[in-house]
Each structure stands twice: as C-alpha cells, then as structure tokens.
Amino acid sequence: MLYSQAIEKLRALNLEGMAQALEEQRHQKGITGLDFEDRLALLVERQWMWRENRGMAARLKYAQLKITDATPEGVDYRASRGLKRAHVDQLRASRWIQEKRNCLITGPTGVGKTYLACALGHQACRDGHRTIFFHGPKLFRALRTAHADGSLSTLLKRLARASQLIVDDLTPLKPV
C-alpha cells in the first residue's frame with residue numbers, strides 16, 4: 001500500500017522519471033543489495049536525466065531545425081569543404097552565444113552551410129539555449145505579415161527569447 005501511494009505522490013509532484021525508476025527497481029533482482037543512499041542516488045539520477053531529456057526534446061521542437069538529424073559529430077571535414085575542426089569546435093562550445101555574438105556562415109552552394117547551422121543549433125539546444133531556425137524569406141514574410149496584422153510585438157518577443165536565431169538563406173525578397 002505504501003508503494004502505490006509513493007508512486008502516486010511522485011507523479012503528483014511531476015517526478016515521473018523517479019516514479020518510473022522506482023517501478024523498475026521494484027522488479028530488479030539484487031537491487032536490495034544496495035543501501036538506501038545508493039538506491040536514492042539512482043532514483044535522483046533517473047529523474048535528472050528524464051527532465052534533461054524532456055527539456056532537450058522541447059528545445060529541439062521549438063527550434064524547428066531544417067535538418068533535424070544534424071549534429072556536430074556528423075560534420076564532414078573533408079578538405080573540399082574548407083572547414084577546420086578547430087573552428088567548428090570553438091563554435092560548438094557555444095561561448096559565442098553566451099557572449100551574445102553573431103556567427104555568419106558563408107560559402108558556395110552545396111558545401112553544407114545549412115547542415116552546419118543546424119548542427120550548431122542542435123548543440124545549442126543540448127547546452128540549454130533556446131534556438132529558432134528560420135528560412136530567410138519566411139522570416140521576412142512573417143515579419144511583414146505580423147506588422148500588417150498587428151502581431152509584430154508578439155513575434156519580436158518570441159525572437160528575443162531565443163538565445164540563438166538561425167536565419168538560413170538570406171536571398172532578397174521579391175517586391176510585393
């Protein structure tokens with residue numbers, strides 16, 4: 001009876017990761033060989049990981065990266081692309097985001113600028129930064145539409161909440 005009440009209370013406290021770990025521990029043989037502190041540490045670690053994973057998933061969903069599977073580990077450093085691992089590693093550290101600096105990625109068509117931008121966005125989400133990805137013309141269209149319908153301040157607040165704004169393809173808009 002105490003066990004089911006504990007699970008209910010963990011869920012009521014929004015400690016779902018801990019509740020799941022406790023249920024798993026109950027069915028594991030040999031878990032009783034661990035002392036109380038070790039079992040508690042396992043529960044706390046599981047809750048921490050559950051919350052971190054949920055936050056990461058939410059940040060990635062919010063970011064709406066064009067290439068969802070782009071990661072810094074997947075960046076191709078072949079000589080033809082002209083990327084230097086040291087430069088990418090420096091960007092990957094996300095220090096430039098914390099310092100509110102900009103990063104402009106340039107190069108000819110097909111060298112992987114969008115992939116690299118999405119990989120850096122993915123890393124920023126891992127590091128806990130709120131990121132938003134926009135295709136340039138869509139961003140400009142959204143700004144123009146928001147200005148026309150009176151929702152510009154709402155859109156600007158959304159953009160301002162992001163630590164990293166990725167604008168891909170800054171091609172000029174066609175006149176309206």
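Does residue 28 satisfy the criteria of being surrounded by 15 or more Cβ atoms within 10 Å (Cβ to Cβ), polar (S, T, N, Q), free of Cβ contacts under 8 Å to residues at least 40 places away in the same chain and not assigned by TED's automatic domain parsing to the domain that holds residue 139?
Working: surrounded by 15 or more Cβ atoms within 10 Å (Cβ to Cβ): no; polar (S, T, N, Q): yes; free of Cβ contacts under 8 Å to residues at least 40 places away in the same chain: yes; not assigned by TED's automatic domain parsing to the domain that holds residue 139: yes.
Spelling it out, it is not the case that residue 28 is surrounded by 15 or more Cβ atoms within 10 Å (Cβ to Cβ), polar (S, T, N, Q), free of Cβ contacts under 8 Å to residues at least 40 places away in the same chain and not assigned by TED's automatic domain parsing to the domain that holds residue 139.
Quick one: what pairs do we get from the stretch 106-120, first residue of a type in the set (Phe, Trp, Tyr), second buried (at least 17 other Cβ atoms within 10 Å of the Cβ), C-beta under 7 Å, 6+ apart or different chains?
115/67; 115/70
Could you say whether any residue in the stretch 37-58 is surrounded by 12 or more Cβ atoms within 10 Å (Cβ to Cβ), in the same structural domain as residue 159 (by TED's automatic domain parsing) and charged (D, E, K, R)?
Checked the stretch 37-58: no residue is surrounded by 12 or more Cβ atoms within 10 Å (Cβ to Cβ), in the same structural domain as residue 159 (by TED's automatic domain parsing) and charged (D, E, K, R).
The values are calculated or read from the model by the stated rules, or taken from the named source; none is laboratory data. Source: prediction; values computed, not measured. Cβ atoms come from the backbone with ideal geometry, glycine included; neighbour counts cover every protein chain shown.
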